[in-house]
Amino acid sequence: MSFIQFGFVIAGAAAMSLPVWIHLLLRQRARPVEIGSIRFVKNVVRRTKSRQQIQRWLLLAMRAAAMLLLGLLFARPFLPDTPLDGRTREVAILIDRSASMSAMHQDGNSAMDESIKRARRYVDSLGDRVKVHFGLFDASGVETVSLAQLSQLNPASTATRFQDALGWASDVLGASNRADKSVLVLSDLQRGGLRPSDDFSMLADLEVQIDDPAPSIAQNTSIEQVAATQVELRPGVPVTLAVLIVNAGAFPVKRLPVVLELEGPSGSIVQQEEVSIAPGTGTTVDIELAITQPGIYQGQCTIERDDPLLFDNRRYVAFEVRHPDRLLLVDGDPGRKSWESEAYFLETALRLQTPIGDSPSRTFEIEKLIWDQGSGFPDLAGFRLIVLANLGRFSDSDARRLHRFVSEGGNAMWFVGERTGNAVIDSLTSAGLIGTTTIGSAVDTLAAVSEFDREHPALSPFRNPQYGDLRSLKTRRLMPVRSLDAETHVLLDSRRSPLVISHPSGQGRFVFVGTSADRSWNDWPQNRLFVPLVRQLAAWMTGQLDARQPVIHEWITEARQTPGISTDDSSLIVRNIDPVESDIGRFGTDQFREATGLPEEPLDLEDKRIREFVPAGAARADEKWPILVWILLGVLGIELLLASRTHE
């Protein structure tokens, strides 16, 4: 047993002498008086005196005990659950070091600083022989540190992740042979730190204490994303960046300055916009830039806002500005009206600017050529791709010129049709555009896509059923492929014949489609996959799917990484803090236990947690003075009973 005020124990022991002195001072002294014959009275007095002497000693003992108990009561004795020196105890202390722990209190200390203070105070309350493990955790995992290293710690730029941290604590304490094991979590309990697949069953047998050292945050404005939405140099169309700004607070933000600073081939660019945001919403600010030169532009976007989370007021950005890919669309059957044109559906699909899957939108600068109204190809310099549809007149010289264009790095895609006869196919074959592949005359047959190259960069998005099933593409008439060149690659196949093939020629590619581009031979233009298929093939052939983009955007995933722009080999890496860290949504401790499946905190654990953080001299939950009160009342009751029966 220990005492909060040990001096009262000494005082109580000293006070035990008071009843003795009082007893001696107030004791009655009788004078002997000789009376007549009292022989029979003496016998009665002798027996009564012996009994009263025993009662007096008991009464004295009760009074002395009462004084001692009164001293013990003021000394406030307590019995700790574990030895005060901590020899039976082992503790794992988890300190959240994610970016949100940089939130500032009004006294200028961050949530991280407060975590370190509480961790030190907690360790000091455990005793000299306790074994303590410190773990810093975030989305990158857990890093072990010593008590001496705590003063050197700062928040990282990573997101929050609880599963790995609690799993580490479970592994560390699971290997311990000490009787008392517990976990202390010091975190702002950000909701983004949990994943639906997280498993916390490993903590079922451990006491887990949760302490939130972060300030209460009611208002935060952050830049969630900065993305280039238009990066092609087109006349009258400016390069555009979209800045997503979120107001997570309960009050509106008015006239917030948004500053964009860039460096690039066009020189330094500084542009400022103002935006107002309603509470609990986000808005996108489109910033149009007067960029005239292609190349890499990099810099940062900032907002001037004073709130507890300052790290999300800045976001880095880099992007490549380039000229659009020029595409020549050759129409072999213009028709009497525009929608009767052989290339009508192709042109419509290629002029759209919709993304396919997770890829950026594909844009092309299209020039259309009516084949029968001209005298062959124009100057092909600057074109990346030529798309030809249903040509009925195509000489050997035209075929050789097309072959030269492809061999020098250009690309061509050919759709057949009613006008495409054997003479046209012979010209393509003689020019070497399809190698030794042989193609037969058009036949009426029902053919559907049965298989496609799922690993091909143009077709890989269609592996996901969300984007549709290419096997729904059907044709009623086609020009069958009789045999394939060894270097010819089948992109779309059917049980009747390959439908789309690709043949390399020099530095370029020639793609042959064995059916028409309009609805005369098939239902492809009516199928919702026609547009993404055509655009993906065109993007692949113009190199838009190649790994030529030197700018890589990624969230920070390692504790040692910091926000900014760096160069890695030939790529430019833009690292920013995961926007989930800007979320001001927090779990309460009970909500966190429910979300992680942890048991509710027992009352004795609640009392223990309070005791470990209680200031010196304050009330403790493990004090035993109520027991002493009842004992003291019992002693006083016995004393009162004896006093009423004892004659001093």
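The values are calculated or read from the model by the stated rules, or taken from the named source; none is laboratory data. Not measured: the values here are computed from a predicted model. Quick reminder, even Gly has a Cβ in these numbers, built from the backbone with ideal geometry, and neighbours come from all protein chains shown. Surface accessibility is based on the protein's heavy atoms, side chains included, excluding ligands, DNA and RNA. Shrake-Rupley method; radii C 1.70, N 1.55, O 1.52, S 1.80 Å.
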- Item | Accessible-area ranking of 269, 223, largest first, probe 1.4 Å | 269, 223
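Given a Förster distance of 45 Å, report the FRET efficiency between residue 250 and residue 338 from their Cβ-Cβ distance, rounded to the nearest 0.05.
Values: r = 55 Å, r/R0 = 1.21.
It comes out at approximately 0.25.
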- Message: Nearest 5 percent is fine: what portion of the DSSP beta bridges confined to the chain is antiparallel?
- Response: 60 percent
- Total charge dipole magnitude, segment 244-384, about the Cα centre, Cβ charges on Lys, Arg, Asp, Glu only, Debye to nearest 20: 200 debye
- Query: In nanometres, what is the gap between the two model label sites at residue 474 and residue 396, each 7 Å from Cα along Cα-to-Cβ?
  - Reply: 4.3 nm
- Message: Just to make sure I understand: if all protein chains stay in place, what is the order of 323, 133, 503 by accessible area at 1.4 Å, largest first?
- Response: 323, 133, 503
- Tell me, what is the 1.4 Å probe accessible area of residue 20, in Å² to the nearest 10? 60 Å²
- Query: Quick one: Cα centre-to-centre distance for segment 406-467 and segment 232-251, in angstrom?
  - Reply: 40 Å
- Task: Quantify, in whole percent, the carbon and sulfur part of the accessible surface of the chain (1.4 Å probe; protein heavy atoms only).
- Result: 52 percent
- Task: Would you please name the trypsin sites (Lys or Arg not before Pro) within segment 516-600 that are DSSP coil residues with at most 15 other C-beta atoms within 10 Å of their C-beta?
- Result: 519, 528, 548, 560
- Which is farthest toward the positive dipole end of the chain among 329, 218, 150, measuring Cα position about the Cα centre, with Cβ charges +1 (Lys, Arg) and -1 (Asp, Glu)? 150
- Task: Please give the net charge around residue 480, taking every other residue with its beta carbon less than 15 angstrom from that of residue 480, where Lys and Arg add +1 and Asp and Glu add -1.
- Result: +3
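With +1 on each Lys and Arg Cβ and -1 on each Asp and Glu Cβ, and nothing else charged, work out how big the dipole of segment 487-605 is about its Cα centre, in Debye to the nearest 20.
On the way: 11 positive and 17 negative charges, 229 e Å.
Magnitude of the dipole: close to 1100 debye.
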- Would you tell me the accessible area of residue 467, worked out with a 1.4 angstrom probe on the heavy atoms of the protein chains, in Å² to the nearest 10? 60 Å²
- Item | Relative contact order (%) - the chain, alpha-carbon pairs under 8 angstrom, separation at least six | 14 percent
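Across the chain, how many lysine pairs, 8 or more positions apart or on different chains, have C-alpha atoms separated by under 17 Å? Please give the number.
On the way: 131/181; 181/608; 337/368; 608/624.
For the chain, qualifying lysine pairs total 4.
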- Query: For segment 442-523, what does the alpha-carbon gyration tensor say about shape, rounded, prolate or oblate, given a ≥ b ≥ c as the root eigenvalues, a/c under 1.5 as rounded, and a/b over b/c as prolate?
  - Reply: oblate
- Task: Rounded to whole Hz and in sequence order, give me ³J(HN,Hα) for segment 246-257 from the Karplus expression 6.51 cos²θ - 1.76 cosθ + 1.60, θ = phi - 60°, writing x for Gly and Pro.
- Result: 10, 9, 8, x, 9, 10, x, 10, 10, 6, 6, x
- Note on the structure: If unit charges are put on Cβ atoms (+1 for Lys and Arg, -1 for Asp and Glu) and the dipole of the chain is taken about its Cα centre, the option from 388, 438, 511 lying farthest towards the positive end turns out to be 511
- Task: Express in Å², to the nearest 10, the accessible area of residue 178 obtained by rolling a 1.4 Å probe over the protein heavy atoms while all chains stay in place.
- Result: 60 Å²
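Might you report the magnitude of the Cβ-based charge dipole of the chain about its Cα centre, with Lys and Arg at +1 and Asp and Glu at -1, to the nearest 20 debye?
On the way: 69 positive and 81 negative charges, 854 e Å.
Taking the Cα centre of the chain as origin, the dipole is about 4100 debye.
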- Sort segment 206-281 into rounded, prolate or oblate with this rule: let a ≥ b ≥ c be the square roots of the eigenvalues of the Cα gyration tensor; rounded if a/c is under 1.5, and if a/c is not under 1.5, prolate when a/b is larger than b/c, oblate otherwise. prolate
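Note down the relative contact order for segment 490-538 as a percent, whole number, built from C-alpha pairs under 8 angstrom at least six residues apart. Numbers along the way, then the final one.
Values: 46 pairs, mean separation 9.0, N = 49.
The value is 18 percent.
Give the calculated FRET efficiency between residue 562 and residue 444 to the nearest 0.05, with a Förster radius of 51 Å applied to their Cβ-Cβ distance.
Numbers: r = 65 Å, r/R0 = 1.28.
According to the calculation, E is roughly 0.20.
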- Query: Is segment 532-600 best put as rounded, prolate or oblate by its Cα gyration tensor, with a ≥ b ≥ c the root eigenvalues, rounded for a/c under 1.5, and otherwise prolate when a/b is larger than b/c, oblate when not?
  - Reply: oblate
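If I take every Cα pair under 8 Å that is 6 or more residues apart in segment 449-576, average their sequence separation and divide by the length, what percent do I get for the relative contact order? Numbers along the way, then the final one.
On the way: 184 pairs, mean separation 25.1, N = 128.
Answer for segment 449-576 is 20 percent.
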- Item | Farthest positive-ward along the chain dipole, Cα basis, beta-carbon charges - from 123, 399, 316 | 123
- Express in whole angstrom the spacing between the alpha-carbon centres of segment 320-343 and segment 501-535. 14 Å
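For the full complex of protein chains and a 1.4 angstrom probe, list 104, 479 by accessible area with the highest value first.
Values: 104 80, 479 0 Å².
From most exposed to least exposed: 104, 479.
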- Query: Given R₀ = 22 Å, FRET efficiency for residue 281-residue 240 by Cβ-Cβ distance, to 0.05?
  - Reply: 0.50
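Mind checking the per residue accessible area of the chain for me, 1.4 Å probe, whole number of Å²?
Details: 32340 Å² over 648 residues.
I get 50 Å² per residue for this part.
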- Long-range amide H contacts for residue 437: which residues qualify at under 5 Å (H placed 1.01 Å from N, peptide plane, sequence gap of 5 or more or a different chain)? 485
- Note on the structure: Matching label for the computed semi-axes √(5λ) of the Cα gyration tensor in Å, out of (i) 43, 32, 31; (ii) 92, 26, 19; (iii) 73, 31, 23, is (ii)
